[in-house]
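The structure appears right after this line, and notes come after that.
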2 protein chains.
Amino acid sequence: MTDFRFTQLAATLPSTVPFVGPEAQERSLGNAFASRLGANESVFGPSPKAITAMAESDHWKYGDPESFDLRSALSTHLGIDSSHIMVGEGIDALLGYLVRLFVGAGDHVVTSLGAYPTFNYHVAGFGGTLHTVPYFDDHENLEGLFAKAVEVKAKLVYLANPDNPMGTWHKAETVEAALETLPNNCILVLDEAYIECASGGIAPQIDPADHRVIRMRTFSKSYGLAGARVGYAIGPTKVINSFNKVRNHFGMNRSAQAGALAALEDQAYLLNVTKKIIAGKDRITSIARKNGLKALPSATNFVTIDCGGDGVFAKSVLEQLIAQGIFVRMPFVAPQNRCIRISSGTTADLDLFAAALPGALEAAKSAN
Amino acid sequence: MTDFRFTQLAATLPSTVPFVGPEAQERSLGNAFASRLGANESVFGPSPKAITAMAESDHWKYGDPESFDLRSALSTHLGIDSSHIMVGEGIDALLGYLVRLFVGAGDHVVTSLGAYPTFNYHVAGFGGTLHTVPYFDDHENLEGLFAKAVEVKAKLVYLANPDNPMGTWHKAETVEAALETLPNNCILVLDEAYIECASGGIAPQIDPADHRVIRMRTFSKSYGLAGARVGYAIGPTKVINSFNKVRNHFGMNRSAQAGALAALEDQAYLLNVTKKIIAGKDRITSIARKNGLKALPSATNFVTIDCGGDGVFAKSVLEQLIAQGIFVRMPFVAPQNRCIRISSGTTADLDLFAAALPGALEAAKSAN
């Protein structure tokens, strides 16, 4: 038998994947989930105008590799020159390209212990060394992250603000102040996937030309287009242009480009959805309290609920919910893994969650 | 000013892109193309069932990272176990993942001089050394490619069959016989993007478990879904599984998965489109002849026309056509660049091409 000549790095990479999808869980359960509240999607869906734009798109044509129309619209919407904007196949793809541009064997990267696993996946995938800093009081430890970046001479430091999986946040001025302590030549990867869910005062004021920061945003959350795979990066032109050296130029789905553009132009819909997301979060918080549990404050489209025990207990609660057809997820790492994470949903979704939670807690208590 | 700490490789990669999209040309011309015949898309579009499936897709949900339903349907359609099939964001993305798995600095790769540039882009992008073999009589030189692979101890050798940009092909048995001369531990990347356009006897019989071959196929050509970005790789399970180490797991557009599945299930539509593609190609061949030009035989969805001069002359013809609103492309490298490449089109598309070609030739003759 012939041996495959994988690269040394590829040969040693694990085959584990960052997340198992809900569809795989449904196949394994033999049932569709009754309520899909685990992936921080928007059950409220995208603007009807986006749906129409996607349906009317010329599917037979490749997408514009420059995503010119969408970048122009983002430029206008954000008041940022489009030379500072790169559109990609979701934040996941953009994170991959960014890591590829900066990180190889011997390069150091910093993130929080238990933060977004797909970023870690990319760092490992390009041979970088990842250093983690524990959360502090369920918040990413900004001071600790930047101090670690100094210590290990990190090329990249990752921060999600608002945070996933905890839903917590740092104020804009806190991030702005912390930036001054970022070591020279280190780039802050500021993941703002949830920024449209957040109230004012959370997105820091950062000059898009600032060499210290790449921001990442997405149409997957409040805009309700997770299935379309549209994200964008904002940063200094030299980095933005460098994406062109490695990205999949014809990788953007054409109808997704059109859908994101239409979604961006329908800010009234976004505002309306934002209210629904908040109402759903309030309901989740109330359900948690009724069950004697603490819900963490959240600036995202989900609520993280402290189940009041350890990771084993929370996992047991999660498994009970899943067995009852409620798809939810939980943090991977202690002590955050004492929690479960519930995406905002419709009244019907949350009725199911409210009905299932007491039994799930009861069963978990009996089992533990 | 802060210097960016790109990887050594990223710092040295060129910023040139494999292809400029037609939309960028339209922006530069200030006009939309009247006829879009340059990117080997299918102007006939996808099955109406695919369009419906995409429109009815839940855009708010992430796609299934395993593309289970599509892989299962491909498995049934092809009579191949789905463990041999990987779905990705078009062949371009799959080629990128494959190169990443196998190629790094010091690794050698073989392709034809003037073959698909995006493959070359990936090889350069991961630091590999590319060796090229000239075409022979407008065909990829199978014997020469495999001999070069022996000589340089290549990890990968790329072959498009049918070929792009020439449209020519090798018979199945020729490829099968040549495989026996492929050096040990070298993988043939068999790009079959155009295989649905080809008549029988071109796709070689290859056991999907055969360690020597990865085949790449797509829904972008005959299936009319270029904008959706759905390709798939067929090969030995160990290589297929290895994609999971590096790919963008949640990179697939959900509606694209549904559209490709519906398109695959509508083979009657595919058959009908295939007839239209052939009729369009016959018309292009006839137009070429009426203008005193030779059209190359083609097993793809396009016809390559020998303009009867050198690359400068063909480029001049191409520019004249583009100025008249007809989007076409041409091979990049001599001697293939004496040709222009016209995708099959509707009667209206080809009426415009027929009307424009005589003037384009005349103007090119005057200019050269």
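Taken together, the values in this text are just the output of simple stated rules run on the coordinates, not laboratory data. In this text, all values refer to a predicted model and were calculated from it rather than measured experimentally. Backbone-built Cβ (ideal geometry, glycine too); neighbour counts: all protein chains shown.
Taking 8 Å as the Cα distance limit and 6 or more residues as the minimum spacing, I'd like the relative contact order of chain A as a percentage.
23
In a shell of Cβ-Cβ distance under 10 Å around B:Arg229, excluding B:Arg229 itself, what net charge do Lys and Arg (+1) and Asp and Glu (-1) give?
-1
With unit charges on the beta carbon (Lys/Arg positive, Asp/Glu negative), name the residue among A:Val317, A:Ala260, A:Ala55 whose Cα is farthest towards the positive pole of the charge dipole of chain A.
A:Val317
For region B:48-265, calculate the relative contact order in percent as a whole number, restricting contacts to Cα pairs under 8 Å that are 6 or more residues apart.
For region B:48-265, the relative contact order is 30 percent.
In nm, to one decimal, how far is the modelled label at A:Ala32 from the one at B:Ser72, with both set 7 Å along Cα→Cβ?
With each label point 7 Å from Cα toward Cβ, the separation is 1.3 nm.
Say R0 is 60 Å: what FRET efficiency, to the nearest 0.05, do A:Gln25 and A:Ala177 get from their beta-carbon distance?
0.90
Throw me the Rg/Rh for chain B, computed over C-alpha atoms with Kirkwood Rh, two decimals.
Here Rg/Rh amounts to 0.96.
In the protein assembly as shown, what % of DSSP beta bridges are antiparallel (nearest 5)?
Counting only bridges with both partners in the protein assembly as shown, antiparallel ones make up about 50 percent.
Take the Cα atoms of region B:219-320, find their three principal axes, and give me the spread along each one in whole Å, biggest first.
Its Cα atoms span 51, 34, 27 Å along the three principal axes.
What's the magnitude of the charge dipole for region B:48-265 around its Cα centre, counting Lys and Arg as +1 and Asp and Glu as -1 at the beta-carbon? Answer in Debye, nearest 20.
620
Using the Cα centre of chain A as origin and beta-carbon charges of +1 (Lys, Arg) and -1 (Asp, Glu), tell me which of A:Thr76, A:Val43, A:Ala178 is placed farthest towards the positive end of the dipole.
A:Val43
Using a simple spin-label model with points 7 Å from Cα along the Cα→Cβ vector, what separation in nm is obtained for A:Ser366 and B:Thr12?
About 6.6 nm, to one decimal.
Of the DSSP beta bridges with both residues in region A:48-265, give the percent that are antiparallel, rounding to the nearest 5.
The antiparallel fraction comes to roughly 35 percent.
GluC sites (Glu not before Pro) within region B:23-106: which are DSSP loop residues with at most 16 other Cβ atoms inside 10 Å?
B:Glu56
Got a sec? Which residues in region B:293-311 would a label at B:Asp137 touch, if it sits 7 Å along Cα→Cβ and we count backbone N under 20 Å?
Under cut-off, by backbone N: B:294-300, B:304-308.
In Å, what Kirkwood hydrodynamic radius results for region A:48-265 from the alpha-carbon pair distances?
Kirkwood radius, region A:48-265: 17.5 Å.
Give, rounded to the nearest 20 debye, the magnitude of the charge dipole that the protein assembly as shown has about its Cα centre when Lys and Arg contribute +1 at Cβ and Asp and Glu contribute -1 at Cβ.
In total the dipole reaches around 20 debye.
So, with +1 on the Cβ of K and R and -1 on the Cβ of D and E, and no other charges, what is the size of the charge dipole of region B:1-56 about its Cα centre, to the nearest 20 debye?
Its charge dipole is roughly 40 debye.
Considering only DSSP states other than H, G, I, E and B, which trypsin sites (Lys or Arg not before Pro) in region A:190-264 qualify as loop sites with at most 10 other Cβ atoms within 10 Å?
none
Take each complete run of DSSP H in chain A, measure how far its Cα atoms stretch along the helix's own axis, and keep only those covering 24 Å or more with mean Kyte-Doolittle hydropathy at least -1.0; list them.
A:267-290, A:347-367
Treating the Cα atoms of the protein assembly as shown as identical point scatterers in vacuum, please give the log10 of the normalised Debye intensity I(q)/I(0) at q = 0.05 Å⁻¹, two decimals.
-0.25
Using DSSP, restrict attention to beta bridges with both residues in region B:184-285 and report what percent are antiparallel, rounded to the nearest 5.
50
Using alpha carbons only, how many angstrom separate the centre of region B:1-60 from the centre of region A:67-111?
Value for the Cα centre distance between the two parts: 16 Å.
Hey, what number do you get for the protein assembly as shown at 222 nm if only DSSP H runs of n ≥ 4 count, each worth -39500 (n - 2.57), divided across all residues, to the nearest 500?
That comes out to -13000 deg cm²/dmol.
Can you find, among B:Pro117, B:His249, B:Gly144, the residue farthest towards the positive end of the dipole of region B:48-265? Put +1 on the C-beta of Lys and Arg, -1 on that of Asp and Glu.
It is B:His249.
Work through the residues other than A:Gly359 whose Cβ is under 15 Å from its Cβ and net out their charges, Lys, Arg +1 and Asp, Glu -1.
After counting each charged neighbour, the total is -1.
Would you work out the relative contact order for region A:260-355, in percent, from Cα pairs under 8 angstrom that are 6 or more residues apart?
Rounded, it is 27 percent for region A:260-355.
Between the alpha-carbon centers of region A:237-307 and region B:272-320, tell me the distance in whole angstrom.
Here the answer is 48 Å between Cα centres.
Just add up the charged neighbours of A:Thr129: K/R +1, D/E -1, any other residue whose Cβ is under 15 Å from the Cβ of A:Thr129.
Local charge sum for A:Thr129: +2.
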